[in-house]
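**Student:** So that we are looking at the same thing, I have put the structure below in structure tokens.
Laboratory data are not the source of any read-out in this text; all were calculated from the coordinates shown. Everything quoted here is computed from the prediction, not taken from an experiment. Virtual Cβ from ideal backbone geometry, glycine too; neighbours counted across all protein chains shown.
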Amino acid sequence: MLVCQEDKESTSTYPCANTVSAFIVNSDGTTTIDYQQYIESGTGYKRVVKIKLMCDESKYPGETDGVSEDYQPLDSTYSMTFKSKCACDDGCVSNNPSGSGNTGLSTGSILLIVFFVLLFVYLIGGIVIKKYKMGVERMPEMIPNYEFWAGIPSLVKDGIVFTCTGLKSGCTSLYQKRSKGGYAEI
């Protein structure tokens, strides 16, 4: 149920609307939400709900002046005006009341923060373990997996040389096939 009426004396609630029937943009810049008429089974009593959204830059998250009821013997129409900054064009792009836009961190920023925190923990934890558990006293050897990290520059160089050599031999082979001038002789 989208909208209900509450009877405070009997603490009962009565359904007023299940679905929205229309959004109407009025000439004064307000928007009215019309809910589909709700007909109570058994009694046939009809309830209609209309909510007007009004732009007010000074209201965040918003306020209403209450609900008014137009009562007829077999039906009621409930009306309300909701004034809010969020009813303005681009008024609530974010949940930030100052309207300064999205202040959250992007996924990339979060990943970088996590990476550098883990790197810091890895380095400090490794140095502490090597110093106090293994008894290493000199600095470069206290870095965790020092041999691996010291060997990375030469491994990168070897990988580049291997790739360039493969590309060079492939290009040379292709050039020789193309320069023969066509089909192989029999």
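**Student:** According to a simple spin-label model (label point 7 Å from Cα along Cα-to-Cβ), what is the distance in nm between S79 and T64?
**Tutor:** It works out to 1.5 nm between the two label points.
**Student:** Give the angle, between 0 and 90 degrees and rounded to the nearest 10, that separates the Cα long axis of helix 107-132 from the longest principal axis of the Cα atoms of the chain.
**Tutor:** Helix 107-132 sits roughly 50 degrees off the main axis of the chain.
**Student:** Please give the contour-minus-distance gain from T172 to W149: 0.36 nm per residue of separation, less the Cα-Cα distance, rounded to one decimal in nm.
**Tutor:** Details: separation 23, 0.36 × 23 = 8.28 nm, distance 3.53 nm.
Gain in length upon complete extension: 4.7 nm.
**Student:** Roughly how far apart, in whole Å, are the Cα centres of the range 1-80 and the range 126-161?
**Tutor:** A separation of 70 Å, based on Cα centres.
**Student:** If each of E137 and Q37 carries a label point 7 Å out from its Cα toward its Cβ, how far apart are those two points in nm?
**Tutor:** It is 9.6 nm.
**Student:** A further question on this structure: Per residue and in Å³, how big is the convex hull formed by the alpha-carbon atoms of the range 107-168? If you can, show how the numbers build up before the last one.
**Tutor:** On the way: hull volume 6.3 nm³, N = 62.
Taking only Cα atoms, the range 107-168 has a hull volume of 101 Å³ per residue.
**Student:** 222 nm [θ] for the chain, helices only, -39500 (n - 2.57) per DSSP H run of 4+, per residue, to 500? Could you put the intermediate results ahead of the total?
**Tutor:** Numbers: 3 runs with 64 residues, N = 186.
Calculated from helices alone, the mean residue ellipticity at 222 nm is -12000 deg cm²/dmol.
**Student:** Among Q72, Q176, Q37, whose mean-square fluctuation peaks in a Gaussian network model of the chain (Cα, cutoff 10 Å)?
**Tutor:** Looking only at Q72, Q176, Q37, the largest GNM fluctuation is found for Q176.
**Student:** Which three semi-axes in whole Å describe the equivalent ellipsoid of the chain, each the square root of 5 times a Cα gyration tensor eigenvalue, listed largest first? Mind showing how you got there, number by number?
**Tutor:** Values: eigenvalues 1047, 224, 65 Å².
Semi-axes, largest first: 72, 33, 18 Å.
**Student:** Going by alpha carbons, how many degrees (0 to 90, nearest 10) lie between the helix axis of 146-179 and the longest principal axis of the chain?
**Tutor:** 80
**Student:** Still on this structure: Roughly what % of Cα-Cα distances in the range 3-75 sit above 20 Å, to the whole percent?
**Tutor:** Values: 1110 of 2628 pairs.
Of the Cα pairs, 42 percent sit more than 20 Å apart.
**Student:** Kindly state, to the nearest 0.05, the FRET efficiency for K46 paired with V25, given R0 = 35 Å and r defined as their beta-carbon distance.
**Tutor:** On the way: r = 26 Å, r/R0 = 0.73.
That gives a FRET efficiency of 0.85.
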